[in-house]
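The structure under discussion appears below in the form of structure tokens.
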Amino acid sequence: GVNNNLSTFLPSVEQIKINRSDKAEHITNILRCNRWIIILGDPGSAKTSLLRWITRVFAESILNGQERVALEGDDSIPVRIPILIRIGEFAMWLKQYPTKTVIDYIGEHTWDSKRYCHDDNKNVLKELIAHAHNLILLDGLDEITDVREKREIVDLGTSLDYRYHQIIETKPPSILGGNQIIITSRIIGYQLHPLVGTFICHYAFLLMNYNETKEFVKKWLFEVDKSLFKILLNEGINLDRELVKVLSKRRYNVLKALLKNSSELLSNPSLLSLICKFTFQSFDKFNPKFRVEVYDHAVQVALHSWKNHESKIPERVLINFWIAVACYLHLNSPSGLIDEYDIKQLCFSTLKQRGISCDRKTLREYVCKLISIVDFNIGIFAERGLQTFGFLHLSFQDYFVAQSLVNGSPDEVAKRILTITVHPRFHQSLLLAIGWISWEWSSDDYDTFCNLLITLSTQYSIPFGTVLFFDALNDIQRLPSNSVIFIALNTLLDHPHYPSRTTYLITSLLKLHENIIIPWMQTQLKDEKRLSNFCQCLLQNTKEPNDKIQTKQKSMPSAVYQQLWLLHKISESAELIIDQTLRIIMRSTNISDQIFNKDLSLYLLSNNISISHIHPLIISVIIAVCDGVCLTDEKGVIKIDFSIKRIHRQSSVLTPIIEYSSNNNESHSIKIEKLIKKYESIIQKSLPSDSSSDVVDSFIALICLQGVLQPLIYEKYDKYEGLSLALNKLKRTWFYIKESYKNCLSSNDELHKISFIQSEVEMIMYEFFLQLDQSDEEQTSFLIACASAWKKLDKDCNKLWKMIQHHKLLDPFLTNQSENLAILISVERQRIYEAKESIQSQQKDLQLFAASISLARLLQAQHHCHTYHLKNTFLIDSTDSTAIYFTVTNIHDRVLRIFALSFIVDMKDPLIFDEEQRDQLQCAMITELQSLLPHVSLLTGTILFTRCYTLCSEQMTRVIAEKFNDESLNEQSQIGEAVFIALRQLKNSNLSHCLSEFAKRKHNLSDLLQLNSTIFYHHFNKTTSFISSNNVLLSLMYLFELIFDTEILRIYPHDSEPLINLYASFGTLTIDLVEMCEEYTDYFLFGIEKGPNLSKLKDVDRNVIDELFHVLDLKISAPKDFTYQ
């Protein structure tokens, strides 16, 4: 059965990823700059050769009496004594001496079982380490199979020379003093227990490219010819040099042709060396496509040589012997070595199991013959040291272990493989075994095996069999059937363990050709849950990995994104998932190819049309439909731009834009009208129930081009589902752009990052002011619209508000600070005292009303000034709180009393009343409102309702709705318009019907609401050139305001979605009725020295304020001798 003991191996979910950048770092530079170096590479990538070369270079420098080792160019580093250690041999030694450390091993250590130094020198090495004069090279961290042992060895390694920790890590190696450490490991398995530290630098071998492999072959042939000549000359044999050159050139041409047709196989130095060797020995055609074929050929060549030497022992016996030795070494010897006694015992038992003979004497003779092969050295297995044996390369050991796995039925082999899948030491053997099966087995058996490998491991938290299958793709000769591959992909995608899906699916997918991926997507992603899982994996793949070691992963084929978009027709929810996914991917991934709307991209590119030459209305259409906004962080400064490559979906509505752009004979206004008619034609040809992307996109384009200047033009579409969907999509556009902006801000200093975009907004304002035909009112409106749009992207727009204040849109009294709070507080206390003595009830109420609110705010300001003396900073002094409480409760007029209470109860930082008092007052206010609202006028009731909105019940809402319905029947009523504006701000779904009905009857709705998008729309129509402006930012500002303003169009869509904002962030910066009332209350009731700017008042606002004055029986006057803080 399948081994379910995972104690030996638990793959890390966050796999270590290696940065295979195109830029190679030379080893000499790495040595010069780093104290701790980890070098990772695939089998045969020359990790051990590199360490041996470094050891030789340093040793030669010491022998030559040099104080520094010359590196590339003029660079050099101090000489350090190289100590080369095979970690596998150290692990074997550690089993004999479990209490020892790496320091203890140095001096005792071996290489291929040969002592590195004599006994009289071993203490010298320890002393040199203690004095920090060594280069310690640890080879083969991956050779440790047990996770616990590997952790111990890593911990021992990281604690090496702890006494000199500061010397090692803080000084560069180019400075004298301090040890230097280099560790090598295979990539697979390293992530189980990686070395992590601030000063530890990871590097990986780059695969050789074509030119490098060609150079490798040329040098290999040259060096072999050179060595051959030297040997033959020493033997007194002279060769025809011209003939040798001809043969050498012939071999080179054979290899060169092979390189052109090969894949990454020949970019591995070890494999390429073997192939060079085979070509040198024979001109027979050899064109391998995968690893196992190279190793098999090497074994066949070796067997042929051995057969000529010893023909009495069958080849199969020798192969079984090698298989037995390989399995023994894999399981028992991290060093890959076996002594003479053990190998004879192993050979004896192998021959006996194979039934060679039952006679012990005969078996011993057989053993002696087999061992004699080592002396012949046929290039596979040899004596590595004194009476110590091993394979010449670990890859041959991997190959023979693979051979032990592939015997039996598909079911037996699949189960056998799964039992050792969790052991990292067997990983390469497993890959070679699957490669062999794909090469030698029949298609049916191969499919059966793959299916079993995939399905038998699905019950684990990590689908080991499926992961192994995809890891082996580079080693197989042919793929199994598509149905098997689909099952494998689905196994990953449907896996209940989320990290398993996100970790393995995309990396596995990228190993397949798109002619497999696309049919899989078409047939297997129709289920929404599976589609959602796939999108999650794509998004996870776009995130920056947390590991310092990253990979330059193969990019996702464009066809995958195109096919994903085509799946949006499955359902509306599927389209939402796909839309969100593609937006994020296009914005966060480095896209090199045009994926969507290639015709528009080609037109703009071929005609050299830049974004600065495109009208903002057209840009707004493209962004609203397909996005394309780029937010880049350049040295802490965020810039907003647009890229046609970043658009995240296909859309037919962009095709007419090409016609618009190519029309150079007509004016912009005529071309826009033609565009509008095209989109209207698309909508009119569709059914009201049509919710296709073409119809929805047409609505979006129509809204962007027409704006909401005349909302009634959309009334004819009140039965169309597409209009409602278009409004929702517009909201999503704003939401995603804002989220992207927030993500840009999240990593560094926000203060510096916003400066560039804010200055761009200011430049747009400045250019607007330069237009001579702008009135003061238009300039004011445009400034407010810009600030409002900017706030929808970034809440921090203080600088813009200061700019607006500079243009006298806000009055200085809102920011001036008063210094003498004590005098002002005493003035208010005196007003309260005088009011209590007053006989006139109405005058008394007004004084108490104004003074109670003013005193509460002054006490808050005083509290802020003395906060540092107080421990309890969330409540004013209890004596002051009591005084305000009795002042408010002495107001007899119920309207004024509720108003005053609503202001004071809502005051925070600090609070005026404690929690118990606030609860009592709020209960009293609710009772008063319930009895008062049915009996007051609509305007008074609305003011009370909006002021105390959080306390109002559904019953109170219905009272206001009934009053509003009665008033709204009078189409000339300005009170109805004022109430409509006030109630819209509440976003109350219970009021949506009456507000919608009122809006439908208003022909001046846009003027009534003074929508900011219409300000930008007028600006676009009046301006002839936008080249000097940031068109993208200008378009976005219009689009943001338009998205918010299109809420009024929800009076038309047939689903009657409530007039409630789906995003809590939705709001407006326009100084509306409520803000006006607060400013005027400050001015008339609290005695502020200077009132608000009257020029910014709308006519309807004036009427509402006048009605407020009438309700409170006030005159437009204020005491001139009173200043309020």
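The values are calculated or read from the model by the stated rules, or taken from the named source; none is laboratory data. A quick note: this is a predicted structure, and the numbers were derived from the prediction, not measured. Cβ: placed from backbone, ideal geometry, glycine included. Neighbour counts: every protein chain shown.
Which is part of a helix (DSSP H, G or I) and surrounded by fewer than 20 Cβ atoms within 10 Å (Cβ to Cβ), of Ser395, Ser404?
Ser404
What are the pairs with Cβ atoms under 7 angstrom where one residue, in the stretch 218-238, is closer than 28 Å to Leu259 by Cβ and part of a helix (DSSP H, G or I) and the other, located anywhere, is modelled with pLDDT under 85 and among the aliphatic types (A, V, I, L, M)? Sequence gap at least six, or different chains.
Partner pairs satisfying both residue conditions: Asp225/Val244; Phe229/Leu239.
Let me confirm something: among Ile136, Ile181, which residue is at pLDDT 80 or above, surrounded by 16 or more Cβ atoms within 10 Å (Cβ to Cβ) and either assigned to a helix (DSSP H, G or I) or within 37 Å of the chain's Cα centre (by Cα) (or both)?
Testing whether each residue is at pLDDT 80 or above, surrounded by 16 or more Cβ atoms within 10 Å (Cβ to Cβ) and either assigned to a helix (DSSP H, G or I) or within 37 Å of the chain's Cα centre (by Cα) (or both) leaves just Ile181.
Residues in the stretch 110-123: is at least one modelled with pLDDT of 80 or more, of a type in the set (Phe, Trp, Tyr) and not in a helix (DSSP H, G or I)?
Looking for residues that are modelled with pLDDT of 80 or more, of a type in the set (Phe, Trp, Tyr) and not in a helix (DSSP H, G or I), one finds at least one in the stretch 110-123, hence yes.
Name every residue in the stretch 350-362 that is part of a helix (DSSP H, G or I) and without any contact (Cβ under 8 Å) to a residue 24 or more places away in the chain, in order of residue number.
Lys352, Gln353, Arg360, Lys361, Thr362
With respect to Asp579, determine if the residue is assigned to a helix (DSSP H, G or I) and either closer than 30 Å to Asp527 by Cβ or in contact with a helix residue (DSSP H, G or I) (Cβ under 7 Å, 6 or more places away or on another chain) (or both).
Spelling it out, Asp579 is indeed assigned to a helix (DSSP H, G or I) and either closer than 30 Å to Asp527 by Cβ or in contact with a helix residue (DSSP H, G or I) (Cβ under 7 Å, 6 or more places away or on another chain) (or both).
Hey, could you check the stretch 585-604 for residues that are surrounded by fewer than 21 Cβ atoms within 10 Å (Cβ to Cβ) and over 16 Å from Thr655 (Cβ atoms) and say which is modelled with the lowest pLDDT?
Across the stretch 585-604, the extreme among qualifying residues is Thr589.
With the condition kept exactly as written, say whether any residue in the stretch 97-120 is crowded, with 16+ Cβ neighbours inside 10 Å, under 21 Å from Ile27 (Cβ atoms), assigned by TED's automatic domain parsing to the domain that holds Asp42 and without any contact (Cβ under 8 Å) to a residue 40 or more places away in the chain.
Scanning the stretch 97-120, I find at least one residue that is crowded, with 16+ Cβ neighbours inside 10 Å, under 21 Å from Ile27 (Cβ atoms), assigned by TED's automatic domain parsing to the domain that holds Asp42 and without any contact (Cβ under 8 Å) to a residue 40 or more places away in the chain, so the answer is yes.
Return only the number of the condition from (1) surrounded by 18 or more Cβ atoms within 10 Å (Cβ to Cβ); (2) under 23 Å from Ser1029 (Cα atoms) that Val653 does not satisfy.
Looking at each condition in turn, Val653 falls short on (2).
Does the stretch 34-45 contain at least one residue that is assigned by TED's automatic domain parsing to the domain that holds Leu135, surrounded by fewer than 17 Cβ atoms within 10 Å (Cβ to Cβ) and either modelled with pLDDT under 80 or under 44 Å from the mean Cα position of the chain (by Cα) (or both)?
No: zero hits.
Run Leu329 past the list (1) touching a Lys or Arg at 6+ places or on another chain (Cβ under 7 Å); (2) part of a helix (DSSP H, G or I); (3) surrounded by 22 or more Cβ atoms within 10 Å (Cβ to Cβ) and report the number of the one that doesn't hold.
With (1) touching a Lys or Arg at 6+ places or on another chain (Cβ under 7 Å); (2) part of a helix (DSSP H, G or I); (3) surrounded by 22 or more Cβ atoms within 10 Å (Cβ to Cβ) applied to Leu329, the lone miss is (1).
Consider only pairs whose beta carbons are under 8 Å apart and that are at least six residues apart or on different chains; among these, list those whose first residue lies in the stretch 492-512 and is crowded, with 21+ Cβ neighbours inside 10 Å and whose second residue is basic (Lys, Arg) and modelled with pLDDT of 90 or more.
Sorted first by the residue in the stretch 492-512, then by its partner, the pairs are Leu493/Arg530.
Answer yes if at least one residue in the stretch 369-379 is under 27 Å from Ser185 (Cα atoms) and crowded, with 22+ Cβ neighbours inside 10 Å, and no otherwise.
no
Of the residues that make up the stretch 219-234, is at least one closer than 30 Å to Tyr190 by Cα and either of a type in the set (Gly, Ala, Ser) or surrounded by 13 or more Cβ atoms within 10 Å (Cβ to Cβ) (or both)?
There is no residue in the stretch 219-234 that is closer than 30 Å to Tyr190 by Cα and either of a type in the set (Gly, Ala, Ser) or surrounded by 13 or more Cβ atoms within 10 Å (Cβ to Cβ) (or both).
Give all pairs with beta carbons closer than 8 Å in which a residue from the stretch 400-414 that is closer than 17 Å to Val292 by Cα meets a residue that is hydroxyl-bearing (Ser, Thr, Tyr) and not in a loop (DSSP other than H, G, I, E, B); count only pairs at least 6 apart in sequence or on separate chains.
Val401/Ser429; Ala402/Ser429; Leu405/Ser429
Please find, among Ala924, Ala861, the residue that is in a helix (DSSP H, G or I), aliphatic (A, V, I, L, M), modelled with pLDDT under 90 and over 29 Å from Ser996 (Cα atoms).
Testing whether each residue is in a helix (DSSP H, G or I), aliphatic (A, V, I, L, M), modelled with pLDDT under 90 and over 29 Å from Ser996 (Cα atoms) leaves just Ala861.
Are any of the residues in the stretch 59-70 surrounded by 16 or more Cβ atoms within 10 Å (Cβ to Cβ), of a type in the set (D, E, K, R) and assigned by TED's automatic domain parsing to the domain that holds Ile183?
no
Taking into account only those residues within the stretch 416-451 that are more than 14 Å from Tyr295 (Cα to Cα) and small (Gly, Ala, Ser), which is surrounded by the fewest Cβ atoms within 10 Å (Cβ to Cβ)?
Only one residue fits best here, namely Ser442.
When you go through (1) of a type outside the set (D, E, K, R); (2) more than 23 Å from Gly44 (Cα to Cα); (3) out of contact with any helix residue (DSSP H, G or I) (no Cβ under 9 Å at 6 or more places or on another chain) one by one for Thr448, which number turns out not to apply?
Of everything listed in (1) of a type outside the set (D, E, K, R); (2) more than 23 Å from Gly44 (Cα to Cα); (3) out of contact with any helix residue (DSSP H, G or I) (no Cβ under 9 Å at 6 or more places or on another chain), Thr448 misses just condition (3).
If only one of Ile371, Ile319, Ile313 is closer than 29 Å to Ile144 by Cβ and either touching a residue at least 40 places away in the same chain (Cβ under 8 Å) or not assigned by TED's automatic domain parsing to the domain that holds His297 (or both), which one is it?
Only one candidate qualifies: Ile319.
Would you please list the contacts, defined by Cβ atoms under 6 Å and residues six or more apart or on different chains, that run from a residue in the stretch 892-904 that is β-branched (Val, Ile, Thr) to a residue that is not in a helix (DSSP H, G or I)?
Pairs that qualify, where the first residue is β-branched (Val, Ile, Thr) and the partner is not in a helix (DSSP H, G or I), are Ile904/Ile912.
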